[in-house]
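The values are calculated or read from the model by the stated rules, or taken from the named source; none is laboratory data. Computed from a predicted structure; not experimentally measured. Here Cβ is always computed from backbone atoms with ideal geometry, including for glycine, and neighbour counts include all displayed protein chains.
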C-alpha cells in the first residue's frame, strides 16, 4: 500500500513532508525551469519585511568545509511589492505556500501579516484543501513562518529568538492576527532550544521549524580581515546537520505541536534522520543550491523508505527511533 | 536553462595552472550565446559543496556527435583542483545556460573587446562569434561594398585586447584575428593593460567596449567609456551559490541616486552577468 505522505500543520494539510527553506528558493519561480515546484509539499518564501531592504554589502557568501556562510541581510522588495508582484504568481501554486516574515519590531511582523491577510483574504479551509490539486480559488498564502532567528541583521531577528518571553509575546500577537498556519523558526544559537519552542507553543504557534543558521565567521588571513563584509554570517549545509537533528530531537520532546526539521539535508537519508528525531516535515535549503534535484529526490526517497519499512504515515516515523536510556 | 550530466571530451592545460575543459552540451538546453555561463558541481560529495560558475568560452554545433562547449578556468581552490583531475569519459553535473548574454553590436557600432585574467572566456566566445559574423558578411557582400547586410562595416576584425601578467601566462588557444596581447611586464606584445592599450589606440567614434575581468579593470573601462561617450557591456565574475537568482549572494552595487541614496544591488547571475554602462558602480564592486 502507498504510504500516506500528507502532514498536518495546525489548520493546514501539506500534501507531503518536503519543502524548500526560506532564503534558498526565492518565491518559487526562480526554480520553475529546473523542477516541478508544485510537486513539493510547501515552499517557504524569502523573508518579507514591511519596507524594501537592499540587504548587506558584499561579499555576502563564502564556502566553508561542507557548508557555506551567508550574510544576505533579509534582502527583499518589501510587503507592498510582495503583495503587488509576488502574491499573484503564488496564487497559481498548487503546493502550499508559507510566507517567511521578518522585522525589527513586533509592529513590523504584525504589519506584514495584516497586509497579507488583507490582500489574500481570510483563511478558507475549503480552498486550502485544494492544495496539491487545482490552483483555482487559492489565496496564495497558506501559512507564515516567523523568522525570529536571522543572525544577519542589527535589529530584530536573533535578538527576538533567543528570549522565550519575547518569543511568546510576539507569537501571541501574531496569533491574534491570523487563522493561517503559524510556524515559528527557531535559532540553534541558544542554550536550550526546548525552552524557546515551549514559548512559541504557549504563544499559540501551530508548529516550530528548526534550525535557522548558526553564527559563524571566516577570516581571510592574507588580507587580515573577515571574508564577509559584515564580519559574521549564518552557517548552513551538511556541516550543521548534526546540530539540526539534535535541536529537532530536543524541540520535539519539549512541545506537543509539530516540528519541521532543516539543516544540511542533501538526500532522503538525511531527511529521515530529522523525521526519526521527531520532525513531521523537513525543508531542503542549501542542498537546492548544490543540486536542484535534491528536494524531489528526497521526497521520492522518503516514500520508498516508508514502503520498504511498512510505515503507513509520515507522522509514524518519529515513533520508530530507539534511544538508549 | 537545463540541468544535465555532461560528458567530458577534453581537459587540457593551456598555461601554468590554467585549463580548458570541453564538455558535451545537451541540445535541449538551447544554444548558449557569448556572455552566458554555466554552473557545475566539481565533485559528488559535500566538500567542496557549492556549484562553480564558469562563462562559456566556445560553442561547437558538432557533426553527428552533437554540440559541445568549452570553459576556461584557473586552478585556484578545492573545486577547480577537483575539476582539473577529471579526464575524458568522466561526466559532470552541469546547469545552464544561465544569465543574460552580451548584446551584439548594432549597425554602425565599432566593437572593441577586452579581457583580463579569468575574464578571458566570455570575451573569447564573443570574439569568435563576431569573427564568424564578419566572415559570413564579407562572403555575402557585393565585392567592393563596405557594408554588411546589417549595415555594419565588415572589413577589419574587432580589436580583441587581452592582458596577462607575463608572456608565460598567455594561454595556448586558437585566437581569432584582431588579437592584441598585453603584458604587465612587457615580455610579449604591448607593455601595459588592455585599458592602457585601448586608451592609446582606439579611435573616437561610435564604439562599444565589451569586457570581462577583475573589478578594477571593469572600473577603469567604465571610466574610459564614460569619458569618451562610448557604450560598454561589462561582464562580472562573482562568487555565487545558486546561479539562478534565488540566493541574493552574488549582487553588485548600483550607482547611488542623486543625493547619494543607495539604489541597492543587482544580481550578477540573473540580472547579469553582462551589465551596461551605468548599471553598476564598479568602483565599489
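Being crowded, with 19+ Cβ neighbours inside 10 Å and under 18 Å from residue A:99 (Cα atoms): is that true of residue A:183 here? It would help to see each step written out before you state the result.
Values: crowded, with 19+ Cβ neighbours inside 10 Å: yes; under 18 Å from residue A:99 (Cα atoms): yes.
In short, yes.
Listed residues B:35, B:66; which is in a loop (DSSP other than H, G, I, E, B), on the phi > 0 side of the Ramachandran plot, at pLDDT 95 or above and away from every other protein chain (no Cβ under 14 Å)?
Matching residue, one of B:35, B:66: B:35.
Matching residues to (1) under 21 Å from the mean Cα position of the chain (by Cα); (2) outside any strand (DSSP E or B); (3) more than 9 Å from chain B (Cβ to nearest Cβ); (4) within 22 Å of residue A:185 (Cβ to Cβ):
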| position | (1), (2), (3), (4) |
| --- | --- |
| A:26 | yes, yes, no, yes |
| A:33 | no, yes, no, no |
| A:43 | yes, no, yes, yes |
| A:46 | yes, yes, no, yes |
| A:50 | yes, yes, yes, yes |
| A:59 | no, yes, no, no |
| A:63 | no, no, no, no |
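Going by the conditions given, is residue B:35 crowded, with 22+ Cβ neighbours inside 10 Å and under 19 Å from residue B:102 (Cβ atoms)? Explain how you work it out, then say what you get.
Details: crowded, with 22+ Cβ neighbours inside 10 Å: yes; under 19 Å from residue B:102 (Cβ atoms): yes.
Against the criterion (crowded, with 22+ Cβ neighbours inside 10 Å and under 19 Å from residue B:102 (Cβ atoms)), residue B:35 qualifies.
Could you tell me how many of the residues in segment A:231-252 are crowded, with 23+ Cβ neighbours inside 10 Å and not in a helix (DSSP H, G or I)?
5
Against the definition (in contact with a helix residue (DSSP H, G or I) (Cβ under 8 Å, 6 or more places away or on another chain), buried (at least 23 other Cβ atoms within 10 Å of the Cβ) and under 22 Å from residue A:207 (Cα atoms)), how does residue A:103 come out, yes or no?
yes
Among the numbered criteria (1) farther than 25 Å from residue A:319 by Cβ; (2) surrounded by 18 or more Cβ atoms within 10 Å (Cβ to Cβ); (3) under 18 Å from the mean Cα position of the chain (by Cα), which single criterion is violated by residue A:164?
It is condition (3) that residue A:164 fails.
In segment A:11-24, how many are away from every other protein chain (no Cβ under 11 Å) and either part of a strand (DSSP E or B) or surrounded by fewer than 18 Cβ atoms within 10 Å (Cβ to Cβ) (or both)?
The total comes to 6.
Looking for something within 13 Å of another protein chain (Cβ to nearest Cβ), crowded, with 20+ Cβ neighbours inside 10 Å and either in contact (Cβ under 8 Å) with a residue 60 or more places away in the chain or in contact with a helix residue (DSSP H, G or I) (Cβ under 8 Å, 6 or more places away or on another chain) (or both) - is there at least one such residue anywhere in segment A:267-281?
Yes; the residues of segment A:267-281 include at least one that is within 13 Å of another protein chain (Cβ to nearest Cβ), crowded, with 20+ Cβ neighbours inside 10 Å and either in contact (Cβ under 8 Å) with a residue 60 or more places away in the chain or in contact with a helix residue (DSSP H, G or I) (Cβ under 8 Å, 6 or more places away or on another chain) (or both).
Can you name the strands (runs of 3 or more DSSP E) wholly within segment B:219-284 that have at least 3 residues being within 13 Å of chain A (Cβ to nearest Cβ)?
Of the strands (runs of 3 or more DSSP E) lying wholly inside segment B:219-284, those with at least 3 residues that are within 13 Å of chain A (Cβ to nearest Cβ) span B:251-253, B:265-267.
Going residue by residue through segment B:54-62, is there one that turns out to be without any contact (Cβ under 8 Å) to a residue 60 or more places away in the chain and closer than 14 Å to residue B:121 by Cα?
no
Residue by residue through segment B:204-218, note down the ones that are assigned to a helix (DSSP H, G or I) and touching a helix residue (DSSP H, G or I) at 6+ places or on another chain (Cβ under 6 Å).
Correct list: empty.
Can you tell me which of A:255, A:259 is surrounded by 24 or more Cβ atoms within 10 Å (Cβ to Cβ), in contact (Cβ under 8 Å) with a residue 24 or more places away in the chain and over 26 Å from residue B:242 (Cβ atoms)?
One residue alone meets the criteria, A:259.
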